Amino acid sequence: MTAFDPQRATLQHKAETPGILFASCYDAASGNYYGAGTDGAVYRLATRAEKPAAEKRWRHHDNYVSALGWLDGTVVSTGYDRQLVWTRAESGEKLRSSEAHDGWVRDLALIPARGQIATVGDDLLVKLWDAGSGEPVKTFDGHAKQTPEGFATAIYALAASADGKLLASGDRIGEVCIWELDSGRLAARLKAPEFYTFDPQKRSRSIGGIRALLFLPDGRLAIGGLGPVSNVDGFVGPARFEIWDWQNAKMLHRGQDKHHAILDHLEYLPELSLMIGGGGGDAGPFLGFWNLRSEAPLHKAKPKSHIHHFVFDAASPRILAAGHAGFQIWTFTGEEEKKP
Amino acid sequence: MRRHSTCQPAEHALHRRTFLGGLFGGAAATLTLGGVSLAGEVPAASDLRRQQKRALFIWLAGGASQFEMWDPKPGRETGGPFRTIPTAVSGYRVCELMPHLAARMNQLAVVRSLNTQISEHGQAADLMSTGWPKEPALEHPELGVVLAKELALEGSLLPDYVSLFATTEGRRRPATGFLSRRHSPLLLEESLQPRNIDLPAGLTPEQHAGREELRASLSSRFAEQRAGGELVQGYNEAYARVRGLMRSDELFDLAREPAAAKDRYGRTPFGQHCLLARRLLEAGVPMVKVARGFWDSHHDNFESHRELVPDFDRVLSVLLDDLHERGLLDSTLVIVLSEFGRTPKINEDVGRDHYADAWSCAFAGCGIRGGTVYGQTDEDGVKVVEGEATAGDVAATIFRAVGIDPARHYQVGPRPVPLAKEDAKPIKAILA
């Protein structure tokens, strides 16, 4: 991968869509970037075009779309309508759909090494699906059904290890379950309480939760979200991630910034030992770059709006982001797009 | 960068001296407070008191979202991700987060057409809790204070008004305004038990009674020998209420409720507060306020309401059932109100901000025609298109529901001040 300087992160282009995009996926072969969110439609951004515009491609969900995945010419999508949908990207043809969960589906993870897809939903279950046939394979049940205070909880984040042997699921109360996919065994349960705020007097409502998960190539687990909240409004706490030795239930490193924002997505670049986190909150949109040696970020950029998901395109290099009001393309040349 | 206004919580504790100060201050104020004439106050509404009408004010501090409760807009960009469900009222659907209240909608009246214009927490809370805009020269009393005064039971040794505000967000002590501080509520903030009402260590009940006997004797002799009988009477009333409060500590003790009742209300703070409210109302406290905070969802609105609304739905449903089963619902006005609603626009942090142009409130019980849905907003919930109602109209409706003429007035110095603002109109459609 070409080395780049995070300090030169520049918003090079933006393309508007209605509402908020929560999910995205990327076809590296064509350069097409897909996003979806509040209106249930999938939008495409041809990122190799000179000034790409967001193009509405199809609408196979009748509620918010929460996650997308790219699967060899097929976009797999899921959302609050409970459906898991396979769509041929080029034509927009719906190939199949399944009712995935009894409740909103919050996230999906592709597991190429197994030819499977994992999902999490508001039935508090983790499910495995055959990526080709769409048939259910296995269900995992281990997350708490309520918050400690007796309220509704949710599993927000999901990540698979590159070898397809492990799956991590993270919930509203700051707990992560690590599942062994061959055996179906719950291999570990981690408690990361800093990501969950509840105070019976001063913050008597659950805030935060684990919003991003990522296995690093060496097996460590990255957890992202929001640190302890200092005000009642919501995302009024530090942007935060933690690196865990999950086998020994030990937190190894913490990356944090005083900027009040929740990190909705993390990407790790092992060649550069660089963690990138995107999100937003009370202090505004946020894009942070950390090495894993210090708590403070090397650099933080200010996106145009809250970033809910992004991918890192190593070939360019650039960040393709989806969020409020559409797509953003970030480059590291320091050059902004020329205005007409 | 700080983008959103937030509440500045002030933490307070009930202190015996504070409580006594309120009572004594009130006793004195009836005689000396500049401009306020006790003689000019509305005479005691003895007919109301005989009927023992009560009111329960459920205050959703921070501003609950009408979209995720009473006025959903499914399929619209402003509507959010929740579905709607039918209710017991034909043609009226509410957010799916309220299945229990949906089934009891024939007991509720919903006003979906509030336009109260002020969307800053403090000013809006003042407006909605008094029914009056702020005036530089006159502080209006909170609605609960007026109701407590008007519905108070003669000779009762219980507090006329108990306010439960256990969380800090938006905590505001009900203002007595131009009324006597005698009408201040008993505040339960840090604990559900009134604090500092136990006898000091080393003082036996017999010694305590002896001291009271001596105090009463001295007071009586003072009143006989000097002018100031009214002042002494005020002090005597204050002492009597403190003694009543000290004897009523069992009333506040939820441990005396059967486990089944506690389970029925649920073990969440709001559930336990509403159970205590029912105990107080049943015992004869005419005015109770239960505040549930943290509705101020500038971020993650749907996750917040997914947590808060089901708790509200379940607890209020149980409370309505319980009041009905005990024969209290017809004589108890239940008011569900916030300082404002939330914006149609969903912001970049998936939140909703403050919005006062088109929002909702609900009523049940005494004087309310259950099963009515008043007013309407446009398809996106941006504007009121039918039956616009103001804060004053809400106040007038509340007074009318418990049988008080909202046009009656208090005499404040030379100025007659009506209970509800002069141009306020009760929402007749929701009144029985």
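Does B:Ser119 count as out of contact with any Ser or Thr (no Cβ under 7 Å at 6 or more places or on another chain) and not in a helix (DSSP H, G or I)? In short, yes.
Yes/no matrix, rows are residues, columns are (1) in contact with a His (Cβ under 9 Å, 6 or more places away or on another chain); (2) among the aromatic types (Phe, Trp, Tyr); (3) surrounded by fewer than 21 Cβ atoms within 10 Å (Cβ to Cβ):
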{"position": "A:Gly164", "(1), (2), (3)": "no, no, yes"}
{"position": "A:Ala168", "(1), (2), (3)": "no, no, no"}
{"position": "A:Ile178", "(1), (2), (3)": "no, no, no"}
{"position": "A:Gly184", "(1), (2), (3)": "no, no, yes"}
{"position": "A:Ala188", "(1), (2), (3)": "no, no, yes"}
{"position": "A:Tyr196", "(1), (2), (3)": "no, yes, no"}
{"position": "A:Lys202", "(1), (2), (3)": "no, no, yes"}
{"position": "A:Arg205", "(1), (2), (3)": "no, no, no"}
{"position": "A:Gly209", "(1), (2), (3)": "no, no, no"}
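Does A:Phe151 satisfy being in contact (Cβ under 8 Å) with a residue 40 or more places away in the chain, under 23 Å from A:Met275 (Cα atoms) and within 14 Å of chain B (Cβ to nearest Cβ)? It is false that A:Phe151 is in contact (Cβ under 8 Å) with a residue 40 or more places away in the chain, under 23 Å from A:Met275 (Cα atoms) and within 14 Å of chain B (Cβ to nearest Cβ). Consider the stretch A:141-157 and keep the residues that are in a strand (DSSP E or B) and buried (at least 20 other Cβ atoms within 10 Å of the Cβ). The one that is modelled with the lowest pLDDT is A:Ala152. Look at A:Arg106 and say whether it is in contact (Cβ under 8 Å) with a residue 40 or more places away in the chain and farther than 19 Å from A:Glu180 by Cα. So A:Arg106 passes the test. What do you reckon, is B:Gly351 at positive phi, touching a Ser or Thr at 6+ places or on another chain (Cβ under 8 Å), of a type outside the set (S, T, N, Q) and buried (at least 21 other Cβ atoms within 10 Å of the Cβ)? Against the criterion (at positive phi, touching a Ser or Thr at 6+ places or on another chain (Cβ under 8 Å), of a type outside the set (S, T, N, Q) and buried (at least 21 other Cβ atoms within 10 Å of the Cβ)), B:Gly351 does not qualify. Residues in the stretch B:278-291 that are among the basic types (Lys, Arg) and either touching a residue at least 40 places away in the same chain (Cβ under 8 Å) or within 14 Å of chain A (Cβ to nearest Cβ) (or both): B:Arg278, B:Lys289.
Rundown of residues vs (1) among the hydrophobic types (A, V, I, L, M, F, W, C); (2) within 23 Å of A:Ala222 (Cβ to Cβ); (3) touching a Cys at 6+ places or on another chain (Cβ under 7 Å); (4) within 13 Å of chain B (Cβ to nearest Cβ), yes/no style:
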site: A:Trp104; (1), (2), (3), (4): yes, no, no, yes
site: A:Asp107; (1), (2), (3), (4): no, yes, no, no
site: A:Ala113; (1), (2), (3), (4): yes, yes, no, no
site: A:Asp130; (1), (2), (3), (4): no, no, no, no
site: A:Lys138; (1), (2), (3), (4): no, no, no, no
site: A:Tyr156; (1), (2), (3), (4): no, yes, no, yes
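Among the residues of the stretch A:291-299, is there at least one that is out of contact with any helix residue (DSSP H, G or I) (no Cβ under 9 Å at 6 or more places or on another chain), within 13 Å of chain B (Cβ to nearest Cβ) and among the charged types (D, E, K, R)? Within the stretch A:291-299, not a single residue is out of contact with any helix residue (DSSP H, G or I) (no Cβ under 9 Å at 6 or more places or on another chain), within 13 Å of chain B (Cβ to nearest Cβ) and among the charged types (D, E, K, R). Restricting to the stretch B:265-277, what's the tally of residues that are over 17 Å from B:Met69 (Cβ atoms) and within 13 Å of another protein chain (Cβ to nearest Cβ)? Summing the residues that are over 17 Å from B:Met69 (Cβ atoms) and within 13 Å of another protein chain (Cβ to nearest Cβ) in the stretch B:265-277 gives 8.
Among the residues of the stretch A:302-327, write down those that are outside any strand (DSSP E or B) and within 13 Å of another protein chain (Cβ to nearest Cβ). Listed by number, the residues that qualify are A:Lys302, A:Pro303, A:Lys304, A:Ser305, A:His306. Among the residues of the stretch B:67-76, is there at least one that is at pLDDT 95 or above and touching a helix residue (DSSP H, G or I) at 6+ places or on another chain (Cβ under 7 Å)? Scanning the stretch B:67-76 turns up at least one residue that is at pLDDT 95 or above and touching a helix residue (DSSP H, G or I) at 6+ places or on another chain (Cβ under 7 Å). When B:Leu187, B:Leu199, B:Leu203, B:Leu179 are screened for being at pLDDT below 80 and of a type outside the set (Val, Ile, Thr), only B:Leu199 passes. For A:Pro228, the conditions (1) closer than 18 Å to B:Ser297 by Cα; (2) within 14 Å of another protein chain (Cβ to nearest Cβ) are fulfilled apart from (2). Scanning the stretch B:272-299 for residues that are in contact with an Asp or Glu (Cβ under 8 Å, 6 or more places away or on another chain), surrounded by fewer than 24 Cβ atoms within 10 Å (Cβ to Cβ) and within 24 Å of B:Met128 (Cα to Cα) gives a single hit, B:Arg278. Is it the case that B:Ala55 is of a type in the set (Gly, Ala, Ser) and either in contact with an Asp or Glu (Cβ under 9 Å, 6 or more places away or on another chain) or modelled with pLDDT under 95 (or both)? Criteria not met by B:Ala55. When the stretch A:322-333 is limited to residues that are in contact with a Lys or Arg (Cβ under 9 Å, 6 or more places away or on another chain), at pLDDT 95 or above and within 26 Å of B:Val350 (Cβ to Cβ), the one that is surrounded by the most Cβ atoms within 10 Å (Cβ to Cβ) turns out to be A:Gly323.
Would you confirm, using the coordinates I've provided, whether B:Asp393 is among the charged types (D, E, K, R), out of contact with any Asp or Glu (no Cβ under 7 Å at 6 or more places or on another chain) and assigned to a loop (DSSP other than H, G, I, E, B)?
Values: among the charged types (D, E, K, R): yes; out of contact with any Asp or Glu (no Cβ under 7 Å at 6 or more places or on another chain): yes; assigned to a loop (DSSP other than H, G, I, E, B): no.
No: the conditions fail for B:Asp393.
Among the residues of the stretch A:184-204, those that are in a strand (DSSP E or B) and touching a Gly at 6+ places or on another chain (Cβ under 8 Å) comprise A:Leu186, A:Arg189, A:Lys191, A:Tyr196, A:Thr197, A:Ser204.
Put simply, of B:Gly91, B:Gly40, B:Gly79, B:Gly34 the only residue that is at pLDDT 95 or above, in a loop (DSSP other than H, G, I, E, B) and away from every other protein chain (no Cβ under 14 Å) is B:Gly91. When each of B:Gly381, B:Gly370 is tested for being more than 14 Å from every other protein chain (Cβ to nearest Cβ), part of a loop (DSSP other than H, G, I, E, B), at pLDDT 95 or above and crowded, with 21+ Cβ neighbours inside 10 Å, the lone residue that passes is B:Gly381.
Those residues that are within 14 Å of another protein chain (Cβ to nearest Cβ) and without any contact (Cβ under 8 Å) to a residue 60 or more places away in the chain, I need them from the stretch B:298-327; list them, please. Step through it out loud before you land on a result.
Applying the first criterion (within 14 Å of another protein chain (Cβ to nearest Cβ)) to the stretch B:298-327 yields B:298-315.
Answer for the stretch B:298-327, where residues must be within 14 Å of another protein chain (Cβ to nearest Cβ) and without any contact (Cβ under 8 Å) to a residue 60 or more places away in the chain: B:His299, B:Asp300, B:Glu303, B:Ser304, B:Glu307, B:Asp311, B:Val315.
Which residue is farthest from the other protein chains (Cβ to nearest Cβ), if the candidates are limited to the stretch A:29-58 and must be closer than 29 Å to B:Pro81 by Cα and of a type in the set (Asp, Glu)? Residue satisfying both the conditions and the ranking: A:Glu55.
Kindly provide the set of residues from the stretch A:244-266 that are more than 26 Å from A:Arg106 (Cα to Cα) and within 13 Å of another protein chain (Cβ to nearest Cβ), ordered by number. Within the stretch A:244-266, A:Lys258 is the sole residue that qualifies. Of all residues in the stretch A:75-88, those that are within 14 Å of chain B (Cβ to nearest Cβ) have Cβ atoms under 7 Å from Cβ atoms of residues that are in a strand (DSSP E or B) and of a type in the set (Asp, Glu), 6 or more apart or on another chain, in A:Arg82/A:Glu99; A:Gln83/A:Glu99.
For A:Ile276, state whether it is under 19 Å from A:Leu68 (Cβ atoms), within 14 Å of chain B (Cβ to nearest Cβ), in contact (Cβ under 8 Å) with a residue 12 or more places away in the chain and among the β-branched types (Val, Ile, Thr). Judged against the criteria, A:Ile276 is not a match. For B:Phe294, all conditions in the list (1) within 29 Å of A:Asp122 (Cα to Cα); (2) without any contact (Cβ under 8 Å) to a residue 24 or more places away in the chain hold save one; what is the number of the exception? So B:Phe294 meets the others, but not (2).
The values are calculated or read from the model by the stated rules, or taken from the named source; none is laboratory data. Not measured: the values here are computed from a predicted model. Please note: Cβ atoms are built from the backbone with ideal geometry, for glycine as well, and neighbour counts cover all protein chains shown.
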